[in-house]
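Taking it in order: structure first as structure tokens, then the write-up.
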């Protein structure tokens, strides 16, 4: 009698390991929420900051023109973002 389960089980094991790794990465991403998501801003702006890898240090050290250029937004919106970053660090 041939044991076919051992080959199949290793394939399933690889699939399970792949699935577990993806779940692990997703969970780390969820629980390691970047500080920009804690800012008092519209969700779309938070997502933009995250996608452009902007952190609080960048926001606090940059002027509105620089932030506007990096994010591709208007200068007055960049000022709102910078003000939210300053407010969040003042707490």
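Annotations for the structure displayed:
- Remark: pairs (first residue in segment 37-50, in contact (Cβ under 8 Å) with a residue 24 or more places away in the chain; second residue loosely packed, with under 14 Cβ neighbours inside 10 Å; Cβ separation under 7 Å; 6+ apart in sequence or on different chains) = 40/87.
- Answer residue from segment 41-91, given it is outside any helix (DSSP H, G or I) and under 16 Å from the mean Cα position of the chain (by Cα) and is surrounded by the fewest Cβ atoms within 10 Å (Cβ to Cβ) among those: 53
Taken together, the values in this text are just the output of simple stated rules run on the coordinates, not laboratory data. Note that the structure is predicted; figures quoted are calculated from it, not measured. Methodologically, a virtual Cβ is constructed for each residue, glycine included, from the backbone with ideal geometry; neighbour enumeration extends over all protein chains shown.
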